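Q: This is the structure, below, for whatever I ask next.
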Amino acid sequence: MKDKVTEIHGDCSKELLAVKDAMDVLSGKWKIQIIGALSYKGALRFMDLLRFVDGIGAKMLSKELRDLEINLLVTRTVLDTKPVTVEYELTPHGRTLERTINEIHLWGKSHRKK
């Protein structure tokens with residue numbers, strides 16, 4: 001039976017693995033919103049991100065930004081100011097998500113109407 005299913009539908013395990021990889025990086029309540037804010041607004045300082053991402057706390061924002069930085073989606077730049085300020089922006093790899101974020105945005109607007 002398994003061979004018949006594979007013959008008809010093909011082996012989708014590689015595709016599902018790619019989806020799992022993407023969800024591992026982007027899952028959670030905040031990451032897509034953070035990427036969206038950086039995509040629409042450009043480089044932002046920590047406190048600006050805290051204001052744009054409604055409902056997120058400073059500790060959670062810091063954790064999520066660190067995760068996004070580890071996954072090479074966001075860069076963190078420490079500015080030579082007093083007091084020290086930190087700015088975040090999407091990397092070129094992070095910018096590859098802009099089309100996806102825009103599609104989620106469009107879907108969300110359409111879904112809200114329904």
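The values are calculated or read from the model by the stated rules, or taken from the named source; none is laboratory data. Keep in mind that this is a model prediction, so the values were computed, not measured. Counting neighbours? That spans all protein chains shown, and the Cβs are built from the backbone with ideal geometry, glycine included. SASA here: full protein model, heavy atoms, side chains in, ligands and nucleic acids out. Shrake-Rupley method; radii C 1.70, N 1.55, O 1.52, S 1.80 Å.
Q: Could you list, in sequence order, all residues of segment 1-60 that are among the basic types (Lys, Arg) and modelled with pLDDT of 85 or more? Break it down stepwise before answering.
A: Within segment 1-60, the subset among the basic types (Lys, Arg) is 2, 4, 14, 20, 29, 31, 41, 45, 51, 59.
Those that are among the basic types (Lys, Arg) and modelled with pLDDT of 85 or more: Lys20, Lys29, Lys31, Lys41, Arg45, Arg51, Lys59.
Q: Then there is this: Looking at segment 77-114 only, could you name the residues that are acidic (Asp, Glu), surrounded by 10 or more Cβ atoms within 10 Å (Cβ to Cβ) and farther than 13 Å from Gly36 by Cα?
A: Result: Glu87, single match.
Q: Looking only at segment 9-18, how many residues end up being open to solvent by less than 80 Å² (accessible area, probe 1.4 Å) and among the hydrophobic types (A, V, I, L, M, F, W, C)?
A: From segment 9-18, those open to solvent by less than 80 Å² (accessible area, probe 1.4 Å) are 10, 12-13, 18; that's our starting set.
In the following step, the residues that additionally are among the hydrophobic types (A, V, I, L, M, F, W, C) were identified as 12, 18.
Adding up the residues that qualify gives 2.
Q: Moving on to the next point. Does segment 26-43 hold any residues that are more than 10 Å from the chain's Cα centre (by Cα) and within 18 Å of Leu72 (Cβ to Cβ), and which are they?
A: Ala43
Q: Would you pick out the residues in segment 21-65 that are open to solvent by 40 Å² or more (accessible area, probe 1.4 Å), part of a helix (DSSP H, G or I) and acidic (Asp, Glu)?
A: Asp21, Asp24, Asp48
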